[in-house]
Amino acid sequence: MLTFIKLGGSLITNKRVESSFRESVVVRLAQEVQAALVADPELQILIGHGSGSFGHFAAHQFRTIEGVHTLEEWRGFAQVATVAAELNDLVARILQGEGVPVWRIQPSASVISRNHVIVQMALEPLRQALRHRLVPLVYGDVAIDEVLGGTIISTETVFFYLAQYLPVERILLLGEVDGVYNQNKQAIPHITPENFQAIKDALGGSAGVDVTGGMETKVRDMLALTQTLPNLSIRILNGNIPGLLQQTLLGQAQPGTLIHANAERRES
């Protein structure tokens, strides 16, 4: 089973403090991924992570997501790419150090987008990585855009594109909350096209600087993906709970909020 895991930027960094890194959180999550891979040799994993307080501060300063045209904006574009890669290096070193065989795949090296939507990305390196039991590691990055010159692509945007070409069955989105909360601050067990309209007003933005949108944007994008791929299940869960990622990967827990296309579906 191929599973995409996103380590949210708010989970692995303090998004209120520029270039802050929560090393201990990433170490623990890396250990859980490695334990799951050992326990289930058939498990295939692709990991992505947000840019958190690394890329988002620079991207906010230069308004990169709105487009890149002037000399100053292109220099800002390059700066965003550099700081996003710095965080990716920190994450990759920890994953490798805990035994996870990650291969860093830089999205901006091959992505072409059109008005924020990816239309091209090199897939063969990812396929080869999975074929040889490696764990591809992608991240939120900059991209050349045919309409905007340049822009920001989120990890969810990368996942959205890759899910259409790779045989992914599950996507796990790890953040700092127990799922998608309703107005009473309780996790909503399921989100489908049928109930999304009723709950979307309760969805707020993420804490700290986030140039790629808050929770509503993430849920809307993931729900659209499940409508394109109805057998796909997506969970939003709390990455701060020790052991929960490992249990979820091994099918021993079904935490958080499940996003799916089928109103009759209740498990993944």
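The values are calculated or read from the model by the stated rules, or taken from the named source; none is laboratory data. Keep in mind that what you see is a predicted model, and the values were worked out from it rather than measured. When we count neighbours, we look across all protein chains shown, and the Cβ atoms used for this are built from the backbone with ideal geometry, even at glycine.
Computed quantities for the displayed model
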read-out	value
Qualifying residues in segment 41-60 (those that are crowded, with 24+ Cβ neighbours inside 10 Å and assigned to a loop (DSSP other than H, G, I, E, B)) - the one modelled with the lowest pLDDT	Ser51
Conditions (1) of a type in the set (A, V, I, L, M); (2) over 19 Å from the mean Cα position of the chain (by Cα); (3) within 21 Å of Leu162 (Cα to Cα); number of the one not met by Leu46	(2)
Test: residue in segment 39-54 that is farther than 19 Å from Glu169 by Cα and among the aromatic types (Phe, Trp, Tyr)	yes
Positions within segment 2-30 being in a helix (DSSP H, G or I) and either without any contact (Cβ under 8 Å) to a residue 12 or more places away in the chain or surrounded by fewer than 17 Cβ atoms within 10 Å (Cβ to Cβ) (or both), in sequence order	Glu23, Ser24, Val27
Of residues in segment 148-162 being within 15 Å of Glu73 (Cα to Cα) and either free of Cβ contacts under 8 Å to residues at least 40 places away in the same chain or touching a strand residue (DSSP E or B) at 6+ places or on another chain (Cβ under 9 Å) (or both), the one surrounded by the fewest Cβ atoms within 10 Å (Cβ to Cβ)	Leu148
Residue list for segment 32-57, restricted to those being touching an Asp or Glu at 6+ places or on another chain (Cβ under 7 Å) and either under 21 Å from Leu2 (Cβ atoms) or basic (Lys, Arg) (or both)	Gln34
Any pair with Cβ under 7 angstrom, 6 or more apart, that starts in segment 219-238 at a residue that is closer than 21 Å to Val177 by Cβ and ends at one that is at pLDDT below 90 and aromatic (Phe, Trp, Tyr)	Leu223/Phe196
Single residue of Leu232, Leu173, Leu223 found to be at pLDDT 85 or above, surrounded by 14 or more Cβ atoms within 10 Å (Cβ to Cβ), in contact with a Leu (Cβ under 8 Å, 6 or more places away or on another chain) and within 25 Å of Val142 (Cα to Cα)	Leu173
Qualifying residue in segment 37-58 (condition: touching a residue at least 24 places away in the same chain (Cβ under 8 Å), in contact with a Leu (Cβ under 8 Å, 6 or more places away or on another chain) and β-branched (Val, Ile, Thr))	yes
Any pair with Cβ under 8 angstrom, 6 or more apart, that starts in segment 178-195 at a residue that is over 16 Å from Ile234 (Cβ atoms) and ends at one that is at pLDDT 85 or above and assigned to a strand (DSSP E or B)	Tyr181/Ala187
Which numbered condition Asn182 misses (of (1) at pLDDT below 95; (2) within 25 Å of Phe54 (Cβ to Cβ))	(2)
Residues within segment 24-49 that are closer than 22 Å to Gln106 by Cβ and not aliphatic (A, V, I, L, M), tallied	3
Total residues in segment 123-155, condition part of a loop (DSSP other than H, G, I, E, B) and of a type outside the set (Val, Ile, Thr)	8
Out of Val33, Val68, Val38, Val80, sole residue that is over 19 Å from the mean Cα position of the chain (by Cα), of a type in the set (A, V, I, L, M) and buried (at least 20 other Cβ atoms within 10 Å of the Cβ)	Val68
